[in-house]
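Working notes, beginning with the structure itself.
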Ligand code: KG4
Ligand code: ZN
């Protein structure tokens, strides 16, 4: 099937073409406009999606040498995400589906993040455990099969990506904070400061990062002359140490040999290395870095899976800003 995927849940306008499970093209336009505000401004994000979506779709098809009329279906992010941003993407997708008289499927962004791992590892077998770490979510899933997922635990407060973003703001860095902290941390010593790790006891699958952020704030008030590289490295280590320990517990608890990591934070190179160093008796899988942060390849890929089993959405489906995975 020739499926076009559209992702507009936050500040990336993304379009991808998937043909029979293979990503032929994937385009992402990141909205730099938000960086000066230190976070995403929802109204600006929706306007920007509206402004460039048509252009990106045409570019994607043109470069893939596929005509609009050849498309078999449209996959679009239904939620979770910013309401206005989701409306911009789904309205465009609905108009296209109506005009072309082809099916449309609303896709769960979180499920799509998990399935991006099949693009890296097409022979990935169920069951597996998944650490889903993005800007809005930090969850541990036992993925038994397609559409059969058990939530083992999630964050009680901030998500891991949010901890990076808020930490970066405290350190006076730009947005998004994850790549900024990662860059500084490369030349820092992660053992300099022992930032707190919450809920770290064995077989506790919940997370909490709000205390860590506060502890960074207090630290900076008292020790603002310390090397910022060491602070960034220690802060990053405090987040990643918890993520990896809990992924390890979850893999042992669920007896899964495959561990996958998904979402924007999965792009972090320290997380990629540290998880493989610490979990030596399981296979650890990460998507390609460009398919960790928000992208439409994962939406098109998962959308095709649903369309192939006959699932599609009605043209009047609603966005779900708080959509959960169950
Ligand atoms: O999945 P994603 O692109 O958007 C959401 O669905 O939320 O994740 C964005 C989050 C941001 O919080 C960003 O700071 C974080 O992922 N992130 C990273 C890295 N790249 C993006 N965190 C740590 N290291 C990175 N290299
Ligand atoms: Zn995402």
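The values are calculated or read from the model by the stated rules, or taken from the named source; none is laboratory data. Computed from a predicted structure; not experimentally measured. All Cβ positions, glycine included, derive from the backbone under ideal geometry; neighbour counts span all protein chains shown.
Quick notes on this structure:
- Of the residues making up the stretch 64-85, one or more are touching a strand residue (DSSP E or B) at 6+ places or on another chain (Cβ under 8 Å), away from ligand 2 (no atom under 16 Å from the Cβ) and in a helix (DSSP H, G or I).
- Looking only at the stretch 241-289, residues that are surrounded by fewer than 18 Cβ atoms within 10 Å (Cβ to Cβ), in a loop (DSSP other than H, G, I, E, B) and within 16 Å of ligand 1 (Cβ to nearest atom) come to 1 in all.
- Count of residues meeting criterion [more than 13 Å from ligand 2 (Cβ to nearest atom) and buried (at least 24 other Cβ atoms within 10 Å of the Cβ)] in the stretch 4-25: 8
- When 177, 211, 167 are checked against the criterion of being within 24 Å of the chain's Cα centre (by Cα) and within 16 Å of ligand 2 (Cβ to nearest atom), a single residue qualifies: 177.
- Criterion (within 28 Å of residue 117 (Cβ to Cβ), part of a strand (DSSP E or B) and away from ligand 1 (no atom under 16 Å from the Cβ)) met by exactly one of 6, 56, 23, 28: 23
- A single member of 161, 178, 135 is assigned to a loop (DSSP other than H, G, I, E, B), crowded, with 21+ Cβ neighbours inside 10 Å, in contact (Cβ under 8 Å) with a residue 12 or more places away in the chain and in the same structural domain as residue 217 (by TED's automatic domain parsing), and it is 135.
- Count - residues of the stretch 121-143 that are away from ligand 2 (no atom under 16 Å from the Cβ), closer than 26 Å to residue 21 by Cβ and in contact with a strand residue (DSSP E or B) (Cβ under 7 Å, 6 or more places away or on another chain): 9
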